Amino acid sequence: MTAAVTTNEAPKRASSSSTDMAALLDRMKKAQRGKKAPSYDERMHHLERLEKAILRRKNAIADAISKDFGNRSRVESLVAECFVTVQAIRYAREHLREWMEPEERQVGWAFMPASAEVVYQPLGVVGIISPWNYPVQLALAPLVSALAAGNRAMIKPAEFTPATGELLKDLIAETFDPDHVAVITGGPEVGEAFSKLPFDHLVFTGSTRVGKIVMRNAAENLVPVTLELGGKSPTIVGDDFSIDTAATRIAMGKLYNAGQTCIAPDYVLLPETKREQFVTAFKNAVTKMFQTLAGNPDYTSVVNDKHYARLKSYVDDAKNKGAKVVEINPHADTIDPSSRKFVPTLVLDPTEEMLCMQDEIFGPVLPVKTYKELGEAIAYVNDHDRPLALYYFGHDRAKVDRVLNETISGGVSINETMLHVAQDDLPFGGVGPSGMGHYHAFEGFEAFSKKKPIFRQSRINSAGLLRPPFGKAVDLFLRAVLGK
């Protein structure tokens with residue numbers, strides 16, 4: 001693999017036309033083809049350069065994202081975009097040597113003294129299509145895994161966050177050679193063409209609807225895919241857990257990035273006797289976190305007018321269909337709709353006919369349903385698509401185990417929301433409509449590697465028994481292993 005750019009010359013920029021993207025991919029494949037896989041030292045160097053680039057530009061990253069959102073909490077950006085990504089890089093560097101080691105495998109006794117092993121080989125060029133909600137982390141976290149595995153990469157950021165996309169393009173161009181890592185910007189037509197390129201692996205993070213299109217496009221070239229989608233992540237509160245504590249932790253998960261998180265709690269299932277207590281506790285939690293909403297730089301805006309209108313339609317639809325809606329505006333701020341600061345909203349006793357129970361909400365709107373006994377809540381979860389995340393609040397070990405054993409989801413946090421994704425040694429990925437494949441941790445390195453099995457024959461061996469003409473020795477062997 002070529003070394004990263006180290007001169008002060010202006011970096012070359014990747015073009016976004018279909019022809020130019022295809023040509024760039026071809027150059028990357030040719031640069032990779034026939035060469036020894038990048039060494040441990042080379043991969044460490046690439047990861048170190050990426051880490052330094054993020055740290056050098058951390059304030060610019062926060063500024064660019066806030067520009068794209070209208071307002072994005074600076075702390076949220078520094079934590080979710082920079083800290084999480086840098087920690088992933090440091091974890092990969094710490095464990096890279098052991099990941100790269102060949103795995104010795106057993107050889108059947110009949111083939112001894114031969115040997116067998118599995119080696120991890122770079123796939124080649126990884127395509128990464130990243131979303132707008134965490135436009136840096138979800139572009140660079142897959143890149144960390146791809147680089148650790150020794151690959152090259154092309155990244156297509158979301159068009160909804162253009163300032164961040166341009167910043168990523170500059171950051172990558174200053175850090176890597178153009179045939180090593182490149183960023184391609186542009187609208188939906190560019191993303192469509194990008195997903196049709198014959199990558200060696202394609203990662204897509206986004207909606208289930210678009211994920212189906214990406215998978216269909218990738219299938220034309222038999223490109224393997226990792227799809228990180230989403231869906232309606234449920235939160236079940238057990239009858240033995242503090243409602244005040246649960247409400248505080250659910251509010252944090254629901255309102256971080258104004259709920260624009262693929263693993264945000266999408267709806268809550270509560271014991272029916274705890275509903276009013278939860279409403280009060282949730283109001284108190286919001287008030288403690290946000291003394292004001294309108295001018296509060298820590299309360300993130302909805303990314304654009306389209307998504308703001310979508311969220312408003314969910315709330316209006318719920319009201320029109322009979323739900324009780326509780327809007328939480330702690331100090332009765334007058335909020336200019338143009339700021340796209342959406343008031344935290346509870347939708348009580350929603351029905352299946354309501355839009356908020358059909359679509360992933362992706363905003364600060366939280367439906368609250370109740371159940372009589374835990375099996376009813378589990379059944380409700382299982383009657384719907386398998387979610388990207390599931391949350392359970394409870395101390396009773398038998399009930400915790402029941403929820404874990406009787407539901408299937410991409411990941412789980414017990415007595416917390418979202419933090420399982422921040423654990424560097426845990427894989428991240430969905431199941432069914434919420435996605436397929438994993439990255440993060442060793443699973444990311446594995447996803448972007450070819451696990452190549454290798455059998456090494458010894459000088460002295462019994463393989464001749466397997467070639468005709470077959471004699472008595474073969475008969476004796478077959479009797480020994482298969483019987484008369």
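Summary table
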quantity	calculated
Antiparallel content of DSSP bridges confined to the chain, in %, to 5	35 percent
Relative contact order %, the chain, counting alpha carbon pairs below 8 Å whose residues are six or more apart	19 percent
Under 22 Å from K369, Cα to Cα: lysines that are on another chain or at least 8 residues apart	K232, K254, K274, K283, K312, K319, K321, K324, K399
Whole-number percent relative contact order across segment 122-170, with pairs defined as alpha carbons under 8 Å at least 6 apart	46 percent
Size of charge dipole - the chain - debye, nearest 20, with Cβ of Lys, Arg +1 and Asp, Glu -1, no other charges	1540 debye
Under 5 Å, built H, 5+ apart or other chain: amide partners of G127	M154, D200, H201, L202, V203
³J(HN,Hα) computed for each position of segment 211-216 - Karplus, 6.51 cos²θ - 1.76 cosθ + 1.60, integer Hz, glycine/proline x	x, 5, 5, 4, 5, 5
Rounded to 10°, Cα long-axis angle of helix 84-100 versus longest principal axis of the chain	20 degrees
Helix axis angle, 275-289 relative to the chain longest principal axis, alpha carbon, degrees	80 degrees
Tilt relative to the chain, helix 40-56 - C-alpha long axis, 0 to 90 degrees, to 10	20 degrees
Inter-part distance where segment 457-484 and segment 121-187 are each reduced to a Cα centre, Å	54 Å
10 Å binning of all Cα-Cα separations within segment 234-427, expressed as whole percents from 0 upward	9, 38, 38, 14, 2
Globularity ratio of segment 348-482, using Cα Rg and 2.2 N^0.38 Å	1.82
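Computed from the coordinates by the stated procedures, all read-outs in this text should not be read as laboratory data. The shown structure was predicted, so the numbers you read here are calculated from the model rather than taken from an experiment. Backbone-built Cβ (ideal geometry, glycine too); neighbour counts: all protein chains shown.
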